[in-house]
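Visitor: Quick one: structure below, then a few questions.
Values quoted throughout were computed directly from the atomic coordinates according to the rules given, and no laboratory measurement underlies them. Being a predicted model, the structure only gives us computed values, none of them experimental. Cβ placement follows ideal geometry from the backbone for every residue including glycine, while neighbour counts extend to all protein chains displayed.
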Amino acid sequence: MEMKVETDWIELWQGSHNFKNVPHIHEDWMQVTLPIKGICHFTQEEHNYGLKEGNGLLQPPGTEHHFYLGEQSSVIILKVRERGNGGMASIDPQFIAGTGHDIKQTFQADDIVGRFRQWMLALIQGQALADPLAVQEVEQDVVSYLGGMLKLGEKERMPKGISDPHILRALSYIHDCYEEMINIDELAGIALQSRYHFIRSFREATGTTPYQYLLKLRIKEAMNRLRRSDATIGQISVDLGFSSTSQFHRAFLKMTGVTPQAYRLQ
């Protein structure tokens with residue numbers, strides 16, 4: 001069984017009971033697959049996922065994927081154009097699906113079922129009445145929902161509550177240049193402090209050392225690239241400023257509990 005409504009900017013789809021499709025790609029659309037009952041057997045870029053209720057998966061544009069549903073399974077799919085005034089770029093002009101967040105997303109199944117019904121009804125009525133404003137309101141609501149799911153607009157990497165402008169300058173530099181080689185004297189100079197005072201004040205402000213803070217940013221980006229790209233582990237290591245693949249491997253294992261290879265296969 002299938003239900004589908006689409007506009008210029010979004011597509012709402014629900015399928016259930018032995019549905020199966022073939023491998024395909026959406027060039028301009030970002031998709032989020034949200035199982036609401038049973039298991040969705042999903043394959044994305046040759047990785048297999050047994051998605052259960054409440055465990056969603058993001059498909060960036062250009063990502064090959066397909067799935068099938070069992071007898072008692074059901075899934076909701078939300079598709080939104082990535083670029084343009086009515087797409088995800090309306091929230092964040094620099095938005096690129098899959099960058100800066102995990103492709104695995106959790107959600108409340110009951111919540112999305114209720115929203116989906118409201119959206120479907122409003123779109124059908126709006127299209128039947130040729131009411132563009134009603135349709136546009138649903139489009140924006142869907143985009144906003146996905147923006148909230150992906151935490152767009154939140155600078156989650158920047159710790160909150162820091163008032164010291166010198167430390168904030170150093171943090172801003174780290175966030176802009178974490179893929180490059182950074183040394184402590186360079187950061188201390190940006191913060192207008194001696195090396196000793198900078199390390200102490202940085203730890204007091206963030207709860208960690210400059211090196212550990214830098215590692216956290218690099219490992220988080222490495223997790224995104226392992227899921228999103230086909231780059232080798234060695235290449236990711238080099239691109240993110242690690243001195244060697246073995247250093248990257250040790251840091252990744254210590255921070256995530258798994259190796260880069262194992263994480264990519266999850």
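Visitor: Rounded to the nearest angstrom and ordered from largest down, what semi-axes does the equivalent ellipsoid of segment 2-149 get from its C-alpha gyration tensor (root of 5λ)?
Guide: Each semi-axis is the square root of five times an eigenvalue, giving 23, 19, 13 Å.
Visitor: Moving on. Just to be sure I understand the model, the point goes 7 Å from the Cα along the line to the Cβ. What's the resulting THR259 to ASN183 distance in nm?
Guide: For THR259 paired with ASN183, the spin-label model returns 3.4 nm.
Visitor: List the aspartates and glutamates whose Cα lies under 16 Å from the Cα of LYS220, skipping any in the same chain that are fewer than 8 positions away.
Guide: Leaving aside aspartates and glutamates fewer than 8 places away in the same chain, those within reach of LYS220 are ASP102, GLU154, GLU156, ASP176, GLU179, GLU180, ASP239.
Visitor: What does the highest-first list of 199-208, 75-84 look like by mean Cβ count within 10 Å?
Guide: 75-84, 199-208
Visitor: Translational diffusion coefficient of the chain at 25 °C, 0.890 mPa s, Stokes-Einstein with Kirkwood Rh over Cα pairs, in µm²/s as a whole number.
Guide: For the chosen part, D equals 119 µm²/s.
Visitor: Using Cα springs under 10 Å in a Gaussian network model of the chain, which residue among ALA128, ALA97, ALA109 shows the largest mean-square fluctuation?
Guide: Comparing ALA128, ALA97, ALA109 in a Gaussian network model of the chain, the most mobile one is ALA128.
Visitor: Quick one: order ARG117, ARG228, ARG169 by neighbouring beta-carbon count within 10 Å, fewest to most.
Guide: ARG117, ARG169, ARG228
Visitor: If the label point is 7 Å along Cα→Cβ of GLU71, which residues in segment 27-46 have backbone nitrogen under 16 Å from it?
Guide: Taking a point 7 Å out along Cα→Cβ of GLU71, the residues of segment 27-46 whose backbone N falls under 16 Å are 38-39.
Visitor: Under 5 Å between amide H atoms, partner at least 5 residues away or on a different chain: which partners does HIS17 have, H built in plane at 1.01 Å?
Guide: Here the answer is SER73, since their amide H atoms fall under 5 Å of that of HIS17.
Visitor: If neighbour count is taken as other Cβ atoms inside 10 Å, put MET181, MET255, MET30 in order from fewest to most.
Guide: Neighbour counts put them in this order, fewest first: MET181, MET255, MET30.
Visitor: Hey, what number do you get for the chain at 222 nm if only DSSP H runs of n ≥ 4 count, each worth -39500 (n - 2.57), divided across all residues, to the nearest 500?
Guide: Helix-only estimate at 222 nm: -13500 deg cm²/dmol.
Visitor: Here's a follow-up. Find the Cα radius of gyration of segment 199-266, compare it with 2.2 N^0.38 Å by division, and give the number to two decimals.
Guide: Dividing the Cα radius of gyration by 2.2 N^0.38 Å gives 1.17.
Visitor: Report the Stokes-Einstein translational diffusion coefficient (µm² s⁻¹, integer) for segment 140-266, Rh taken as the Kirkwood radius over Cα pairs, at 4 °C with viscosity 1.567 mPa s.
Guide: My calculation gives 80 µm²/s for D.
Visitor: Fewest to most neighbouring Cβ within 10 Å: what's the order for SER237, SER229, SER194?
Guide: The most exposed by this proxy come first: SER194, SER229, SER237.
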